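Data first, discussion second: the structure below is written as structure tokens.
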Amino acid sequence: MLRQIQQGDIQNIFHGLSNRDVIQYYGISFTSLEATTAQMTWFKNLEETETGI
């Protein structure tokens with residue numbers, strides 16, 4: 001089931017997207033929880049302003 005990202009997901013997102021073995025397949029990576037939170041907030045704002053999803 002797909003759902004919107006929630007604050008409680010940030011740690012897991014950071015864990016996955018800061019792992020060298022994982023990020024070699026992605027165009028994005030994070031070096032801190034703060035950077036992860038900022039990016040997830042940006043995605044949320046896109047949806048809220050109906051400029052992206």
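Here are the numbers for this structure:
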item: Accessible area (Å², per residue) of region 12-53, counting only protein heavy atoms and a probe of 1.4 Å; result: 81 Å²
item: Accessible carbon and sulfur surface of the chain relative to its total accessible area, %, 1.4 Å; result: 53 percent
item: Cleavage-rule hits, chymotrypsin sites (Phe, Trp or Tyr not before Pro), the chain, DSSP coil, Cβ neighbours within 10 Å at most 15; result: 25, 26
item: Restricting region 9-53 to GluC sites (Glu not before Pro) in coil, as DSSP defines it, with at most 10 other Cβ within 10 Å; result: 50
item: Distant-in-sequence amide H partners of residue 30 (H built 1.01 Å from N, under 5 Å); result: 18
item: Percentage relative contact order, the chain, counting C-alpha pairs under 8 Å, at least six apart; result: 28 percent
item: The chain: trypsin sites (Lys or Arg not before Pro) falling in loop per DSSP and having at most 13 other Cβ within 10 Å; result: 3
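The values are calculated or read from the model by the stated rules, or taken from the named source; none is laboratory data. The model shown is predicted, which means the values in this text are computed figures rather than measured ones. Don't worry about glycine lacking a Cβ; one is built from the backbone with ideal geometry, like all the others, and counts go over all protein chains shown. Just so you know, the surface numbers come from the protein's heavy atoms only, side chains and all, with ligands and any DNA or RNA stripped out. Shrake-Rupley method; radii C 1.70, N 1.55, O 1.52, S 1.80 Å.
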